[in-house]
Amino acid sequence: QDDGEDWGLCRVTDVVPTFGDAPAPLDSASTPEARAQAPTDIEGGSLERASDDENIIVQDNVRLSRGDQFLGTDRLLYNADTGRYTAEGSIRYQDAGMRIVAERAEGDQNADTHRIEDLQYQLTERRGNGGADRIELRGRYGSLIGSTYTTCDPREPGWQLRAGRIDIDTEEGMGVARNATLRIGKVPVLYVPWFKFPVDDRRRTGLLYPSISLSNRNGLDWKQPVYLNLAPNYDATLTPRLMTDRGLQLGGEFRWLYEKGRGTFFGEWMADDELPGREPDRYLRSMGELPDERGLFRLTSSHNFNRTWYARANLGWVSDPHYLEDFSNSLYAVSQYSITSSAGLYGRGRYWDAGLMADRQQLADYTLTERQLRYDRLPRAYLNWAQPVGRWFELGVNGEAVRFQHSVREEANRFDIKPYIAMPLEGDSWFVTPKVAWRYTAYQLDDTLTAALGDESPTRSLPISSVDAGMFFERETSLFGDRYLQTLEPRLYYLNVPYRDQGGIPRFDTQPMTFSWGQLFRDNRYTGPDRQIDANQLTTALTTRLISEEDGRERLAASIGQIQYFEDSLVVVPGETPVEKGKSAWVADLGFSPTDRLTINAAYQWDPKFRQEDLASIRARYLVGDYGVINAGYRYRRDLVDQVDFAFLYPINRNWSVVGRYYYSFEDKKLLESIAGIQWESCCLAARLVARRYIRDRDGDLDDSLRLEIELKGLGSAGQKTEGVLRRAILGYERDDLYLVPPSSLPTGSDELTPDPIL
Amino acid sequence: RSSDRNKPMDIEAGYSDYSMDDSRPTVLTGGVTITQGTLDIRANRADITQRNGEAVRAVLTGGPVRLNQQLDDGKPMDAVATKVDYDLRNEVVVFTGDVNISQPSGSISGQRIVYNMRTGQVQGGGEGAGRVKMRIMPRNGGASADPEPASDGDEG
Amino acid sequence: CGFQLRDALVLPPDLAPVKIESVDRYSPLAESLSRSLTRAGAVPATAADQDVAVLDIQAEEWGDTPISVDSFGRAQEFSLRYAVVFELRQADGTPLVPQQTIELSRDYISVPTRSEGTEGEREILVRELQREMAASVLRRIDTVAKRALEERGMNASGAGLDSEGVAPSVPAADTMAPVRGDEAAVPEEAGEPAHAAEPEPTPEADGAR
């Protein structure tokens, strides 16, 4: 049964084993109407009937079956006229939903009432078993008196729900339990006088399982989600939340789905939060006032017009820059410092892609100022088109028109267009692609910028010519007994761009890009058109690969490259020194995965001019067993990062696994996050104890949290879901994150929302 | 029907070997047909024993013997068996060998079934007589459409 | 040292007309793969074709997660990850290139105090990763195809008649005409010249940067 739980650890033996002689129940016959239509077959060692209207007595291994129902008993009394029956001795009952063994059963067929006493039951459609003193069935209603329910193997310690009385309405699909006690092992843990629960997996409005946690920041934190099944294609979840030290919060998520697209709206709102009052100066220093009404909303939606055009929207808003810090409990959430909302119409064709979109930034971090926020692009239109023309040429253009707005900084419009013509010549083992482009960029500046820079509409236009050439060599080698194809791929990239004085051009979205392998083959060193480098440079690079011949998997890919600057590159952004004539830093990359379980990625940059390392990073990931993972990584980037990160989820044996992370920054001599946790999981019970220290706020002081979570599989879990937190901290905690195995939610053929990488 | 008792019984057979006295049963072979009111029996051979001129017992064998009769409530009963031992005086029939008695409300089958025509008492199976099966048709569906609630036994 | 020039991008022998199925119909990956395969001589499947080889792009996932934070806990370095699960199946479902995952990633800096240009850099990286993924998928098809051809060739020289009792046609050089970039291969009915929109797929390391 796929009810979302992992029953992998459960032994196959059932509490009530299958009856060898019973026909396999077919689901289709299990509805009351189907049962009423089907004939009843009784079979026994001997049969007597005193007279026409007397009881029929069938004895000696009696077997009765009707539709999907099967009943085995030692002795059956049945009166054809009144429909009353009694079965005694080693009763075995089975239908599409369950199996029961009991001592005695009686009932009235015509009135469809039945009574089974002193029984053990085993659900077959869902995982679950237990016993009851008595079951009374009246058509669609059923009552279990003195019953127990669990999903555990009887031989293993687990949990058990014991209820004085459970009334079930099969048509409504709901059950009501009265004075129920929940036991873990022998210890009664929870007593509930009355609670209603679903008995089948129909979508219906009702309570979901609460999540309860305790923390010094929130006090007792009780989230009680309520699911609202509004319509087949839209539903909602309301989540009232009580935090004893802070107050009441209402959260809600609304989901909709329709033929052309879908969307989700998520919101949280808190009328007055007592937290700021407890530490007023933190807020006054950065905001000048105490926020009381606090909230957040997020909207993601998509609409597919046709094969070519589609629309996407990802909007977000927080009420104050302290919100993320005060309402999140993971380093991942705290690390966000701005919220980007974007919406647009996008199109893609055989040779082109285009978009008309807008995006807006909102400050979500009180240590930064509005001025440091990125520009809003309201609106932005772009077009990329590249089309082969004739037999030798390829024409194309990259164009963009943007209106930059900012709450504090100056504003402007910019138009940038780069038509190009290229001649991609290639053979089996070589390629040469000369390319000439002309870039024209024009601005319309607002008054303050015009006053500062003297020209209201500066322009810049210049040619960009480049030649990209490469060759491919191959040979067969064998390594550890396997046959590999080894490639050797030398590549040259020459770039020539004349100098244009760009001092008079302001900067909106332009900054030097991260120096990397990709940078060796780009025609500009900057992220945006506000600066176009002057260049007379040649990149020489070499890549070698080991590709397994048997299944095509690339076991090793190593490459090294460098740029030779024939002249100084004078174009800079403020605060940057010009690139001098000579050699750039060496860029070396290595991707090595000897087996499917181990992958190692390393990157290294050495600057010969200053004889220093710019970048040294290595990341290794090893997959342990079916769901374990070990990540180890060291990152050094000059003047920025010097950190080590070791994270793992290690399965010790079937039941025990340990999880941990150690993320330390040498540069700041400070621990950024450490996690230590242990998880015990049995067939029906999972318990997680996780201790965490992580940077909770911008003052950099760390927060300790200890989280105990007990999950009763089949009954929901109490305690904050720790999976989400761990999943962010340890890449690969959930195998789906690694996409190594086709994701469990592999969309089979459905046109998934285009995974917008900007999200 | 119980009224069949006082209806004329006529017997037809391919070959008959009458015996005038009670010492030896009359043997009819070559396809025997016995009818009496709504009772109708077909068999290959019939041994009928008489007591002072009145048929008291009929042992029919056939491949198989067919017996059908309309019961007091008007519903037909058809029975099939390899051997039928019919005690005419107290109307008890012992069917043996692949027996199947079917009525609109259901059917009984087994290796040995004793059926009392007058009281409706049934006894099937028992030691050495193999298992007995009974099928009860659903009340509204099934073959018989008569309004009377047929015995519709099923287990909840 | 044994290296010689690479021979033509090769397709598995007797490959049925190729159809590319992609889980995300707006992704350029399927488009660039179909252009490259057509250039390498594959026949694009039309609706009329019955038995069709399928290049099945089963999953395409992007991930953009912070990989390092500064001492205040603010993200400063990101890793843009792009992973594709694909499989190439012959018409009767037998896998030519078994289901496998290709995972590429590029790291980039976005320092909180001067983060302008982050979207611009990310967009450039997305394009580069998309182009590199197409090249990586092609390389794997090429390697497996070369192996299949070799085995076919060895059978011919070795066992004469292969198991089906038919002398395997050793692919003479010209029948598998290596496609020159400029030389129009078999003109498809679609009428556009067999010409890649992008330059020959750029060889870049297939692994994290």
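In table form, for the structure just shown:
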| read-out | value |
| --- | --- |
| Sole residue being of a type outside the set (Phe, Trp, Tyr) and modelled with pLDDT of 80 or more, chosen from A:Thr205, A:Thr170, A:Thr151, A:Thr244 | A:Thr244 |
| Residues that are within 16 Å of A:Gly97 (Cα to Cα) and part of a loop (DSSP other than H, G, I, E, B), drawn from the range A:148-171 | A:Thr151, A:Thr170, A:Glu171 |
| Candidates B:Asp87, B:Asp78, B:Asp72, B:Asp22, filtered to the one that is more than 12 Å from the chain's Cα centre (by Cα), of a type outside the set (A, V, I, L, M) and within 18 Å of B:Val122 (Cα to Cα) | B:Asp72 |
| Meets criteria (within 7 Å of chain A (Cβ to nearest Cβ), open to solvent by less than 30 Å² (accessible area, probe 1.4 Å) and either within 23 Å of C:Ala59 (Cβ to Cβ) or over 14 Å from the mean Cα position of the chain (by Cα) (or both)) for C:Ser115 | yes |
| Residue within the range A:591-606 that is more than 9 Å from chain C (Cβ to nearest Cβ), outside any loop (DSSP other than H, G, I, E, B), open to solvent by less than 20 Å² (accessible area, probe 1.4 Å) and not polar (S, T, N, Q) present | no |
| Search result, residues across the range A:40-69 that are of a type in the set (D, E, K, R), facing another protein chain (nearest Cβ under 7 Å) and open to solvent by 30 Å² or more (accessible area, probe 1.4 Å) | A:Asp41, A:Glu43, A:Glu48, A:Asp52 |
| Filtered residue count, the range B:1-52, keeping only those that are at pLDDT below 85, acidic (Asp, Glu), under 19 Å from B:Glu91 (Cα atoms) and in a strand (DSSP E or B) | 1 |
| Residue satisfying condition, being out of contact with any Asp or Glu (no Cβ under 8 Å at 6 or more places or on another chain) and within 30 Å of A:Arg282 (Cα to Cα), within set A:Ser338, A:Ser328, A:Ser319 | A:Ser328 |
| Hits in the range C:1-20 - residues which are within 11 Å of chain A (Cβ to nearest Cβ), over 13 Å from the mean Cα position of the chain (by Cα) and open to solvent by 40 Å² or more (accessible area, probe 1.4 Å) | C:Cys1, C:Gly2, C:Phe3, C:Gln4, C:Leu5, C:Asp7 |
| The range A:535-559, residues that are modelled with pLDDT of 95 or more, within 8 Å of another protein chain (Cβ to nearest Cβ) and open to solvent by 10 Å² or more (accessible area, probe 1.4 Å) | A:Ala558 |
| Set A:Ser665, A:Ser682, A:Ser674, A:Ser705: member being facing chain C (nearest Cβ under 8 Å), open to solvent by less than 50 Å² (accessible area, probe 1.4 Å) and not aromatic (Phe, Trp, Tyr) | A:Ser665 |
| Residues that are more than 20 Å from the chain's Cα centre (by Cα) and basic (Lys, Arg), drawn from the range A:295-350 | A:Arg307, A:Arg348, A:Arg350 |
| Residue that is surrounded by the most Cβ atoms within 10 Å (Cβ to Cβ) [pool: residues in the range A:107-147 that are under 36 Å from the mean Cα position of the chain (by Cα) and part of a strand (DSSP E or B)] | A:Gly130 |
| B:Asp146 vs. criteria at pLDDT below 80, of a type in the set (D, E, K, R) and within 27 Å of B:Ile34 (Cβ to Cβ) | no |
| Number of the exception - A:Ala588 against (1) modelled with pLDDT under 95; (2) at negative phi | (1) |
| Within the range B:92-140, tally of residues that are more than 9 Å from chain A (Cβ to nearest Cβ), under 28 Å from A:Gln37 (Cα atoms) and open to solvent by 20 Å² or more (accessible area, probe 1.4 Å) | 7 |
| Residue list for the range A:647-664, restricted to those being farther than 11 Å from A:Gly677 by Cα and aliphatic (A, V, I, L, M) | A:Ala647, A:Ile652 |
| One residue from A:Arg661, A:Arg621, A:Arg637 being basic (Lys, Arg) and closer than 21 Å to A:Leu706 by Cβ | A:Arg661 |
| Scope the range A:635-647; condition touching a Phe, Trp or Tyr at 6+ places or on another chain (Cβ under 9 Å) and open to solvent by less than 80 Å² (accessible area, probe 1.4 Å); matching residues | A:Tyr636, A:Asp642, A:Gln643, A:Val644, A:Asp645, A:Ala647 |
| Hey, B:Gly74 of a type in the set (Gly, Ala, Ser), assigned to a strand (DSSP E or B) and out of contact with any Lys or Arg (no Cβ under 6 Å at 6 or more places or on another chain) or not | no |
| Scan of the range C:1-28 for residues that are part of a loop (DSSP other than H, G, I, E, B) and within 23 Å of C:Asp51 (Cβ to Cβ), ordered by number | C:Val10, C:Leu11, C:Pro12, C:Pro13, C:Asp14, C:Leu15, C:Ala16, C:Pro17, C:Val23 |
| Hits in the range A:525-552 - residues which are touching a residue at least 12 places away in the same chain (Cβ under 8 Å) and not in a strand (DSSP E or B) | A:Arg525, A:Thr527, A:Gly528, A:Pro529, A:Asp530, A:Arg531, A:Gln532, A:Ile533, A:Asp534, A:Glu549, A:Glu550 |
| Every residue from the range C:54-89 that is among the small types (Gly, Ala, Ser) and more than 7 Å from every other protein chain (Cβ to nearest Cβ) | C:Gly63, C:Ser79 |
| Residue among A:Gly528, A:Gly591 that alone is farther than 30 Å from A:Thr459 by Cβ and in contact with a Gly (Cβ under 9 Å, 6 or more places away or on another chain) | A:Gly591 |
| Strands (runs of 3 or more DSSP E) wholly inside the range A:409-515 that include at least 3 residues being closer than 30 Å to C:Gly41 by Cβ and open to solvent by less than 70 Å² (accessible area, probe 1.4 Å) | A:430-445, A:459-471, A:473-479, A:482-497 |
| Test: residue in the range A:381-395 that is within 20 Å of C:Arg127 (Cβ to Cβ), part of a strand (DSSP E or B), open to solvent by 60 Å² or more (accessible area, probe 1.4 Å) and among the aromatic types (Phe, Trp, Tyr) | yes |
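Listed here are the residues, each with its yes/no results for (1) modelled with pLDDT under 90; (2) more than 22 Å from the chain's Cα centre (by Cα); (3) over 23 Å from A:Gly158 (Cα atoms); (4) outside any loop (DSSP other than H, G, I, E, B).
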{"position": "A:Asp642", "(1), (2), (3), (4)": "no, yes, yes, yes"}
{"position": "A:Asp645", "(1), (2), (3), (4)": "no, no, yes, yes"}
{"position": "A:Ile678", "(1), (2), (3), (4)": "no, yes, no, yes"}
{"position": "A:Ala691", "(1), (2), (3), (4)": "yes, yes, yes, yes"}
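The values are calculated or read from the model by the stated rules, or taken from the named source; none is laboratory data. A quick note: this is a predicted structure, and the numbers were derived from the prediction, not measured. All Cβ positions, even for glycine, are placed from backbone atoms using ideal geometry, and neighbour counts span all protein chains on display. Heads up: the accessible areas ignore ligands, DNA and RNA and are worked out on the full protein's heavy atoms, side chains in. Shrake-Rupley method; radii C 1.70, N 1.55, O 1.52, S 1.80 Å.
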